[in-house]
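Each remark here refers to the structure printed beneath this line.
Since every read-out is calculated from the coordinates, none of them should be taken as a lab result. Here the structure is a predicted model, which is why all the values come from computation and not from measurement. Please note: Cβ atoms are built from the backbone with ideal geometry, for glycine as well, and neighbour counts cover all protein chains shown.
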């Protein structure tokens with residue numbers, strides 16, 4: 001019996017396939033403004049490669065209600081299920097996606113007991129970081145230097161204004177590593193306040209594409225005064241949870 005979890009995200013679409021509870025396949029592709037079609041293509045490619053469709057499918061993410069097949073489950077439930085498989089002893093989850101950020105609290109059995117979402121503005125999401133970092137055109141050396149640099153304060157809450165603030169700093173000759181350090185500190189502080197509106201975790205599970213930024217993880221730990229743990233592939237956690245639920 002093969003079970004699949006399909007996560008139709010705003011930036012990327014993810015597929016995880018399990019057989020007897022063990023992962024045998026995973027793939028991530030860009031959603032390109034049409035996560036439903038990306039999901040259809042991803043499932044078709046898997047089926048053609050393996051000459052059969054998974055027997056069971058759970059679909060989650062933004063495009064889930066428009067997907068033509070499978071059982072629909074919310075991304076909150078799928079994210080909680082995937083995280084509980086990796087970290088059953090930790091209650092709090094921060095999911096930093098491209099379009100929103102979520103804080104989820106689960107109990108010892110893995111059941112979701114509370115969650116909040118920030119989906120009204122790009123600030124405090126992975127998109128916020130991606131836009132500004134791409135504009136900075138950083139070298140690997142500059143990004144590494146940011147870990148030790150003095151962070152320059154970035155006060156704007158809006159992505160557009162923050163980008164303007166960054167441009168102004170660079171025009172004044174402020175080194176890129178200091179600007180980047182300020183960007184991560186500003187984001188981490190906003191995320192820490194977001195998490196603490198739900199509770200004060202000693203250990204936080206961090207998922208989504210934003211969890212790939214190691215500097216953000218370090219600064220977030222300082223802001224929360226606690227530990228941050230990351231699943232093996234943080235972008236696939238919801239798809240993995242969907243497959244487990246299938």
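Descriptive notes on the structure:
- Taking 0.36 nm per residue of separation and subtracting the Cα-Cα distance, full extension of the segment from residue 25 to residue 89 would add 20.4 nm.
- Cα gyration tensor, the range 4-136 - rounded (a/c under 1.5), prolate or oblate: oblate
- Dividing the Cα radius of gyration of the range 89-230 by 2.2 N^0.38 Å, with N the residue count, gives 1.05.
- Within the listed set 106, 176, 150, the Gaussian network model of the chain (springs between alpha-carbon atoms below 10 Å) gives the highest mean-square fluctuation for 150.
- By average C-beta atoms within 10 angstrom, highest first, the peptides 201-212, 231-242: 231-242, 201-212
- Cα centroid separation, the range 163-241 to the range 16-50 (Å): 28
- Volume per residue that the Cα convex hull of the chain spans, once the total is divided by residue count, Å³: 125
- Protection proxy ranking, peptides 75-82, 163-170, average beta carbon neighbours within 10 Å, highest first: 75-82, 163-170
- Counting only DSSP H runs of at least 4 residues, each contributing -39500 (n - 2.57), and dividing by the residue count of the chain, the helix-based mean residue ellipticity at 222 nm comes to -12500 deg cm²/dmol.
- If the segment from residue 167 to residue 52 were pulled out straight at 0.36 nm per residue, it would be longer than the present Cα-Cα gap by 36.2 nm.
- Additional length obtainable on full extension of the chain from residue 1 to residue 214, 0.36 nm per residue less Cα span: 73.0 nm
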